[in-house]
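The structure under discussion appears below in the form of structure tokens.
The values are calculated or read from the model by the stated rules, or taken from the named source; none is laboratory data. Everything numeric here is computed off the predicted structure, so don't read it as measured data. Neighbour counts are summed over all protein chains in view; Cβ atoms, including those assigned to glycine, are modelled from backbone coordinates with ideal geometry. Heads up: the accessible areas ignore ligands, DNA and RNA and are worked out on the full protein's heavy atoms, side chains in. Shrake-Rupley method; radii C 1.70, N 1.55, O 1.52, S 1.80 Å.
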Amino acid sequence: MATARISARLPPNIDPTRAPVAFGHRAVPKLVSALRDSDLLTRQRALMALCDLVHDPETAYQAIETGCLESLKALLKDEDSTVRLKTTEVLYLLATHNVGREALLRGDVLSPLSDLLEEPVAACRRNTHMALEMLAEFPAGALSVVDAGLVPRLVLKLQEECEEVQELILDTLTACLRVDALAALASDAVLALRDCLAHPSVGIRQRAARAMIGLSVPLEGKVRVCEEGVIPVLVGLLSDSHPDVSASAAGSLMNAAITTQGKYLALQAGAITSLLALVSSPRTDVCANALRALTALAEAPPARQELLGHVELLETRRHDTNEIISRAAATAIRVITWTP
């Protein structure tokens, strides 16, 4: 029988850690207003609710238009670690949307966000690196990260953070290297990446080898790769059990072998045998990078002499149905069989 008694318990679908969300178009403005409240619990609950809502791009757009970025920038310096943690999570979620990335770059959020690279709370640092990595996936964002002077700090953090955050840093650095490799070279990134190439984690090895491709594009990078003893490590990675690692290692060798020093260092490390073993790979990136690296090595007379005995193997890929592989094989054969 029904009674007029009111239970003290909350309904089962009410989460006390999240602020109640207003109906319709008033939901986001009320939460954004609560972000500026002096009460700590109110700010925390508003951030919790906002984290749920900004997954939707329309809600993210409304939050930006309502002026949430200025409030979020202020909350990055909040004394409460939970507020800082959830603020970085909201910024990461905003960065997953195109409208959010553009707003973050326009709103100069990188500067206060980068201050949290020294944050004592590990989860907060992880969210910070996730936001930076998401921003750097796009050229404008990567250029902003470089211009903000964050590359040297990221290189230093690479040696201090846990494995999961190291992967995020390597992804961010790889994106930044596509727009400007000189800042990383000036920060001794070659040495830092060389250490990562020997990491037991496949994810870190693969990301480090991919970043090394970007580092070895400018001439200064090619020279540093040769001088810092990276080439023997890359040759060793050609035999890695994971094809992504061997593909990126072959790509890095391809760039380094453009220089005469790089060619002979790779030959001394036994690169030809390992690269020939990759020619038969079913993976396009593995085979193509191996063929291109062999083409660069074949410009050295000792390498050309050795490769003349393996032209038949390269001929098997010359008529491959994949145009990328067939073109790379044809170029390799032309260079190997060239006579003065």
**OP:** Would you give the gap between the C-alpha center of segment 87-129 and the C-alpha center of segment 253-303, rounded to a whole Å?
**Re:** 40
Subject >> Heavy-atom accessible surface of the chain: percent carbon and sulfur, 1.4 Å >> reply: 54
**OP:** In nm, give the distance between the simple-model label positions of Thr66 and Glu220, each being 7 Å from the Cα along the Cα-to-Cβ direction.
**Re:** 4.7
Original post:
For the pair Ile258 and Ser201, what calculated FRET efficiency results from E = 1/(1 + (r/R0)^6), where r is the Cβ-Cβ distance and R0 = 30 Å, to the nearest 0.05?
Top reply: 0.55
Subject >> CD proxy at 222 nm, helix term only [per DSSP H run n ≥ 4: -39500 (n - 2.57); per residue of the chain; nearest 500] >> reply: -20000 deg cm²/dmol
Subject >> In order through segment 271-287: 3J(HN,Hα) via Karplus (6.51 cos²θ - 1.76 cosθ + 1.60), integer Hz, x for Gly, Pro >> reply: 5, 4, 4, 5, 5, 4, 5, 8, 4, 8, 5, x, 7, 4, 5, 5, 5
Original post:
Radius of gyration and Dmax for segment 191-339's Cα atoms, expressed in Å?
Top reply: 14.2, 44
Original post:
Can you give the Rg to Rh ratio for the chain, taking only C-alpha atoms and Rh from Kirkwood?
Top reply: 1.15
**OP:** Apply 1/(1 + (r/R0)^6) to the Cβ-Cβ distance of Val121 and Val311, taking R0 = 56 Å, and write down the FRET efficiency to the nearest 0.05.
**Re:** 0.40
Original post:
Rounded if a/c is under 1.5, else prolate if a/b is larger than b/c, else oblate: which is segment 29-138, with a ≥ b ≥ c the root eigenvalues of its Cα gyration tensor?
Top reply: oblate
**OP:** Grab the beta carbon distance between Asp320 and Leu191, set R0 = 56 Å, and tell me the FRET efficiency rounded to 0.05.
**Re:** 0.90
Subject >> Label point 7 Å beyond Cα of Arg304 along Cβ direction - residues of segment 260-279 with amide nitrogen under 20 Å >> reply: 260-268, 271-273, 276
**OP:** Treat segment 94-187 as a sphere of radius equal to its Kirkwood radius over Cα pairs and apply Stokes-Einstein at 4 °C in a medium of 1.567 mPa s; give the translational diffusion coefficient in µm²/s, rounded to a whole number.
**Re:** 100
Subject >> Whole-number accessible area per residue in Å² for segment 210-319, which is evaluated in the context of all protein chains at 1.4 Å >> reply: 40
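Over segment 132-182, give the accessible area per residue in Å² for a 1.4 Å probe, as an integer.
42
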Subject >> Computed label-point distance, nm, for sites Ser81 and Asp52 using a 7 Å Cα→Cβ extension >> reply: 2.5
